Each structure stands twice: as C-alpha cells, then as structure tokens.
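J.: Encoded as structure tokens, here's the structure I'll be asking about.
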Amino acid sequence: MITIWFEPHATTADNEAKRASGWNDVDLSEKGYRDALEIVERCKSRGIEIIFTSDLQRAVKTAIPAASQHNLPVYPDNRLRECDYGDFTLKDKELVETERSKRLSEPFPSGESYNQCMKRMASFLDYLKANFDGKTVMIIGHRATHFGLDHIINKEPLIDCVSKHFTHQPGWKYEF
C-alpha cells in the first residue's frame, strides 16, 4: 500500500486574476510563495518520504520549501499536469468551469479531454505502485491531478469529479 498526500500548487498570478492556467507555465505569486511555506509543517507530521509534482513551475516551486526543510527528493512528472485547456488557456476561470462536464471525452479545442488526463494519471499511479510500495508520498499538482486521484483511487465517476465545487483544505489523504 502507498499512502498519498495530495496538495494543490500554491497561488499564482493567474489564480488571483481568475484565469484558467492549463499548461501555461505561470510562476507563484507573492501569496503563493507564502502559501508554500504552510506545507512544510504538514509534510513533517505526515511522514512524507518523497515528493512528486507536476513539471509546471507552480507545482515544483510549491514543493521546494518542504523538500528543502525535510531533505526530501522532488520528482517532477508531466503526467501530473493540469488538463490542457488549449484555446481556453488563460480564459476566465468560470468559463472553463462551465466547460468541464462537456470535456470528458471531447477535448478542449486544441487541447485535451479529461479522459486523456485520466490516462496520464493512471500511468503515473501504475508507476507509483510498481516502484514505491510501502512509502508515504506527497503529490503536488492541479485540479486534474486531484480529479485523477478521486476517480482512479476512490472510484468516483469522472463526471462527479469535474462537476463538484472545489473547496481548499490542507491536503487530501489517499491509500492506494
């Protein structure tokens, strides 16, 4: 069994402007750098042994304070990326929210579908299962990363995952 702690990346300028980043490789905002420090203490109390992040800088930079403080390795992985919103990248967040349920199998124009995201997540989780059994890991990612954990590990229907209201909390625990 693998214990997974999921944390969403910290705040970015796109988040503050209510823009949907998708694969836009935006940096953390000043608030985001402060938010990332909050994960340091949570990481200690959870017994984290390794950190995996999306390869986008907002996820990697969210991991750096905890990794530095606790001497943990960080492995960026592009399978943990947000959904590619294609032509919807940097559009109003609310517009993308209304599109999610329409994009399970039909990709965002010039982007990808949530089913394609779930294939990436399943591939990552297969890798995790094969190489990190018995470990406690942290994953820092995006909404699509979170959807994948809920869908694949908790067996929630994908339509429910993409449709539910996101409420931030200090991490989610999964046993896989």
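Read-outs throughout are calculated quantities, based only on the coordinates presented, and are distinct from any laboratory measurement. Note that the coordinates shown come from a computational prediction; the quantities given were computed from them, not determined experimentally. No Cβ is skipped: glycine too gets one built from the backbone with ideal geometry, and neighbour counts run over all protein chains shown.
J.: Please give the FRET efficiency for Asp133 paired with Gln69, using the beta carbon to beta carbon distance and R0 = 30 Å, rounded to the nearest 0.05.
T.: Working: r = 26 Å, r/R0 = 0.87.
E(calc), rounded to 0.05, equals 0.70.
J.: Sticking with this one: Using the crude model of +1 on Lys and Arg Cβ and -1 on Asp and Glu Cβ, and no other charge, please compute the dipole size for segment 38-176 relative to its Cα centre, in debye to 20. If you can, show how the numbers build up before the last one.
T.: Numbers: 20 positive and 20 negative charges, 51 e Å.
Computed about the Cα centre, the dipole is about 240 debye.
J.: Next up: Pairs of alpha-carbon atoms within less than 8 angstrom and 6+ residues apart define the contacts here; what relative contact order does the chain have, in percent? Intermediate results must be reported in sequence, preceding the final value.
T.: Working: 336 pairs, mean separation 59.8, N = 176.
This gives 34 percent for the chain.
J.: Tally the DSSP beta bridges in segment 3-175 and give the antiparallel ones as a percent, rounded to 5.
T.: Working: 6 of 19 bridges.
Beta bridges within segment 3-175, antiparallel portion: roughly 30 percent.
J.: Amide H of Phe52: which non-local residues (sequence gap of 5 or more, or other chain) have their own amide H closer than 5 Å, using H built in the peptide plane?
T.: Distant-sequence amide H within range of Phe52: Tyr75, Met138, Ile139, Ile140.
J.: Choose one of Gln116, Tyr33, Pro157: the residue whose Cα lies farthest towards the positive end of the charge dipole of the chain (beta-carbon charges +1 Lys, Arg; -1 Asp, Glu; about the Cα centre).
T.: Pro157
J.: Between Glu49 and Lys18, what is 0.36 nm times their sequence separation minus the Cα-Cα distance? Round to one decimal in nm. List each step's numbers first, then the result.
T.: On the way: separation 31, 0.36 × 31 = 11.16 nm, distance 3.35 nm.
Length gained between Glu49 and Lys18: 7.8 nm.
J.: Here's something else I'd like to know. Kindly state, to the nearest 0.05, the FRET efficiency for Thr98 paired with Val40, given R0 = 35 Å and r defined as their beta-carbon distance.
T.: So the FRET efficiency works out to roughly 0.45.
J.: Around Thr12, which amide H atoms from residues at least 5 apart in sequence, or from another chain, sit under 5 Å from its own amide H, with H modelled in the peptide plane?
T.: HN-HN under 5 Å from Thr12: Ser29.
J.: If you line up the long axis of helix 57-70 against the longest principal axis of the chain, both from Cα atoms, how many degrees apart are they, to the nearest 10?
T.: 10 degrees
J.: Here are several values of volume of the Cα convex hull per residue in Å³: (i) 97; (ii) 121; (iii) 143. Which one was derived from the coordinates shown?
T.: (i)
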